[in-house]
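See below for the structure under consideration.
The values are calculated or read from the model by the stated rules, or taken from the named source; none is laboratory data. Predicted model only: the values in this text are computed from it and were never measured. All Cβ positions, even for glycine, are placed from backbone atoms using ideal geometry, and neighbour counts span all protein chains on display. The area values use the complete protein model at the heavy-atom level, side chains included, leaving out ligands, DNA and RNA. Shrake-Rupley method; radii C 1.70, N 1.55, O 1.52, S 1.80 Å.
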Amino acid sequence: MSNELELKKCLREAFAKRGLNLSDSDIVIERSKESSHGDYSTNAAMKCAKMAHCNPRELACYLQQNLQSDLIDHIEIAGPGFVNFFMKKGALQGIIGTILANPDTYGRSPSNGKKIDVEFVSANPTGNLHLGHTRIAVVGDVISNLLDWAGYDVTREYYLNDCGNQVEHLGHSLRGRYHELFGEPCELDADDYHGTDIIEIAKQLKEEKGDSLLADNQETHDFFIEYGIKAELAKIKRDLDEFRVHFDVLTKESDIRKGNAIENTIKELSPHIYEKDGAYYLKTSDYLDDKDRPIIKSNGQYTYFMPDICYHYNKMSRGFDLLIDVLGADHHGYINRMKSALMMKGYPADSLEVELVQVVRTFRDGVEVKMSKRTGQAITHRELVAECGVDAVRYLFAERSQSSHLDFNYNLAMQQSSENPVFYAQYAHARCCSVLSLGQDIPLDPSGTGLDSEVESALLKQLACFPSAICSAAEERAPHKMAAYIHKTAELVHEFYAKARIIDRNNISLTSSRLALIKASEIVLKNALSLLGVSAPSKM
RNA sequence: GUCGCUGUAGCUCAGUGGAUAGAGCGACCGCCUCCUAAGCGGUAGGCCGGAGGUUCGAAUCCUCUCAGCGACGCCA
């Protein structure tokens, strides 16, 4: 049992003796920031003073006298009623053995049996991924990793819109570019896709099919769409693959529409549907929405919302305890709309959670850049990654809370140098590896004997709280907290390295302990970086 | 107008009820005869947008207010 859990148990028992029954979540144990405040502290005495009908310091005194644990050396009371725990020597050291015995899984929580579906990116197959997708990819992927390690059964899902208006425009654009290659005027509408990427696809198509598609008929119309989707999706997959983002499930809108699924859903929802001006509306305002939303346009076509409802019902029917959609912040109006639709079928409102990801702005030399210099169009995901590298982009995007606007500094990300924060963490890992390699003839001693300096204790505590750091980052859907954990761990490793001569051939016993601590740190850093999808090099 | 996000060091951001508000970058001063100086130690820099309130205690919660961005479509 970790020290935190042990202390919680003791506190709960002490409170119970006084007739106060607290749950674990009521008790907060913190690692003390300062050594004069002990190893751990709790504010429980202040929190519960009212409930116990006495003043905080009195209650703290009671706790001081009634807490029993072999791990505690002594307890001090400070300030308005903080209870500071000073642990016995040896109480922290046990963690090294645990880490060394489970290098690949240290940090993982046991399975809790809950299934979560995380849908993210889901970019339409009509063009290149842009920086908004990059950020959503990082946030979605890291949240999935965190949930996985926190004990959830996670499905990463991509929803492919391969029906409707947008792919019609894609087909039409591709047709136009294809005809253009044969010297005909390119007829593109305002809503078509004017990007150069379509020209590339058209060239590829010409190579494969020659002039066989010049005739306009239903067959060629369908073929342009199908070919366009395939080509665009292949590019998206390639980009995400290179970005270390992989999906378990790809769901196509065309599959969702199969077997009259939409018509059947409309029948089911008919008590919530009414007709107005030739269109059909869903009464979402009966639930959480501020107005009703159209599901069938007056021209008879479905709005995007309708198949999306079916898609979410489809996800729920697969037995997930929770659906998470990671979306751009411009979708915030969508949340209550979709929750309302889920509630119409009897699902609770909180069966869907939407993580909104704020916009990305890019800066170069202190000036915002909106367009790529090379193409004159919006900067693409691919360009960014090619220029800055996967590790830097993933780390820098994960480092910021998704709820705040992200200003991405090109100059910083492109520098393969100390100024780039991702290298700080990777360097700490590489340093561990380097020292371990130099001392590989010395056996590791996982007992922690002799590791009692301030920085060693701080590092041990940091390594010990890795599992709980993962869980809280997962529960809060907060990738940036994992980045903060990594930074703190790297900082302690660097400090330890600077202050302690790790390999001392004249003191093999201490060296064995220190090498074991370095090995444990290396494992934690590697596992933590892998949660962000960032590599952990052994040499830099 | 309604709703959402944001406002903290020169810049980019952590910190959402606890002790002296933190990090990176930038600035300045130190530290390699010795395991990677992509590092370490130190200095400077803050009425936490503003005003009220809640309580033992507020950057954090509530109300009001100011500013920036975004969303409010029979687009997706």
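For segment A:285-339, a residue qualifies if it is in contact with a Phe, Trp or Tyr (Cβ under 6 Å, 6 or more places away or on another chain) and closer than 13 Å to A:VAL354 by Cβ, and exactly one does: A:VAL326.
Counting just the residues of segment A:437-448 that are more than 9 Å from RNA strand B (Cβ to nearest atom) and open to solvent by less than 30 Å² (accessible area, probe 1.4 Å), which one comes out nearest to the chain's Cα centre (by Cα)? So, considering only residues that are more than 9 Å from RNA strand B (Cβ to nearest atom) and open to solvent by less than 30 Å² (accessible area, probe 1.4 Å), the one nearest to the chain's Cα centre (by Cα) is A:GLY448. Of the candidates A:LEU352, A:LEU327, the single residue that is in contact (Cβ under 8 Å) with a residue 40 or more places away in the chain, away from RNA strand B (no atom under 12 Å from the Cβ) and of a type outside the set (Val, Ile, Thr) is A:LEU352.
Residue-wise test of (1) small (Gly, Ala, Ser); (2) open to solvent by 70 Å² or more (accessible area, probe 1.4 Å); (3) free of Cβ contacts under 8 Å to residues at least 24 places away in the same chain.
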site	(1), (2), (3)
A:LEU11	no, no, no
A:ALA14	yes, no, no
A:GLU34	no, yes, yes
A:ALA49	yes, no, no
A:HIS53	no, yes, yes
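Any idea which of A:GLY195, A:GLY176 is touching a Gly at 6+ places or on another chain (Cβ under 7 Å) and closer than 29 Å to A:THR303 by Cβ?
Numbers: A:GLY176 fails: touching a Gly at 6+ places or on another chain (Cβ under 7 Å).
That would be A:GLY195, the only listed residue that is touching a Gly at 6+ places or on another chain (Cβ under 7 Å) and closer than 29 Å to A:THR303 by Cβ.
When each of A:ILE72, A:ILE143, A:ILE96, A:ILE116 is tested for being closer than 28 Å to A:GLY389 by Cβ and among the aliphatic types (A, V, I, L, M), the lone residue that passes is A:ILE143.
From A:LYS88, A:LYS114, which residue is modelled with pLDDT of 95 or more and either more than 38 Å from the chain's Cα centre (by Cα) or surrounded by fewer than 18 Cβ atoms within 10 Å (Cβ to Cβ) (or both)?
It is A:LYS114.
Annotation: A:VAL534 fulfils all but one of (1) assigned to a helix (DSSP H, G or I); (2) closer than 30 Å to A:GLU355 by Cα; (3) touching a residue at least 12 places away in the same chain (Cβ under 8 Å); the unmet one is (1). Note on segment A:18-37: among residues that are of a type in the set (A, V, I, L, M, F, W, C) and more than 8 Å from RNA strand B (Cβ to nearest atom), the one that is modelled with the highest pLDDT is A:ILE29.
Whether any residue in segment A:455-465 is near RNA strand B (Cβ under 8 Å from one of its atoms), surrounded by 15 or more Cβ atoms within 10 Å (Cβ to Cβ) and of a type in the set (Gly, Ala, Ser) is what I want to check. Checked against the condition, which is being near RNA strand B (Cβ under 8 Å from one of its atoms), surrounded by 15 or more Cβ atoms within 10 Å (Cβ to Cβ) and of a type in the set (Gly, Ala, Ser), segment A:455-465 yields no hits at all.
Please enumerate the residues belonging to segment A:509-523 that are of a type outside the set (S, T, N, Q) and in contact with an Asp or Glu (Cβ under 9 Å, 6 or more places away or on another chain). Listed by number, the residues that qualify are A:LEU510, A:ARG514, A:LEU515, A:ALA516, A:LEU517, A:ILE523.
Here the condition is being over 20 Å from A:SER351 (Cα atoms), free of Cβ contacts under 8 Å to residues at least 12 places away in the same chain and not hydrophobic (A, V, I, L, M, F, W, C); of A:GLU253, A:GLU275, it holds for A:GLU275 alone. For segment A:368-382, state whether one or more residues are touching a Ser or Thr at 6+ places or on another chain (Cβ under 7 Å) and modelled with pLDDT of 90 or more. Yes, there is a match, as at least one residue in segment A:368-382 is touching a Ser or Thr at 6+ places or on another chain (Cβ under 7 Å) and modelled with pLDDT of 90 or more.
Name the single residue that is least open to solvent (accessible area, probe 1.4 Å) among those in segment A:286-322 being hydroxyl-bearing (Ser, Thr, Tyr) and away from RNA strand B (no atom under 12 Å from the Cβ). Going through the qualifying residues, I end up with A:TYR313.
Across segment A:313-350, the number of residues qualifying as closer than 16 Å to A:ASP289 by Cα and among the polar types (S, T, N, Q) comes to 2. Scanning segment A:153-203 for residues that are open to solvent by 30 Å² or more (accessible area, probe 1.4 Å), outside any helix (DSSP H, G or I) and farther than 30 Å from A:HIS312 by Cβ yields A:LEU181, A:PHE182, A:GLY183, A:GLU184, A:PRO185, A:CYS186, A:GLU187, A:LEU188, A:ASP189, A:ALA190, A:HIS194. Being within 22 Å of A:ARG175 (Cβ to Cβ) and under 32 Å from the mean Cα position of the chain (by Cα) is a property that A:ALA215 lacks. Do we find a residue being modelled with pLDDT under 95, out of contact with any strand residue (DSSP E or B) (no Cβ under 9 Å at 6 or more places or on another chain) and closer than 21 Å to A:ARG31 by Cβ anywhere in segment A:513-528? Within segment A:513-528, not a single residue is modelled with pLDDT under 95, out of contact with any strand residue (DSSP E or B) (no Cβ under 9 Å at 6 or more places or on another chain) and closer than 21 Å to A:ARG31 by Cβ. Here A:LEU406, A:LEU412, A:LEU384 are screened, and the one residue that is among the hydrophobic types (A, V, I, L, M, F, W, C) and more than 7 Å from RNA strand B (Cβ to nearest atom) is A:LEU384. Every listed requirement among (1) of a type in the set (Ser, Thr, Tyr); (2) more than 11 Å from RNA strand B (Cβ to nearest atom); (3) under 28 Å from A:ILE442 (Cβ atoms); (4) surrounded by fewer than 24 Cβ atoms within 10 Å (Cβ to Cβ) is met by A:SER468 save one, (3).
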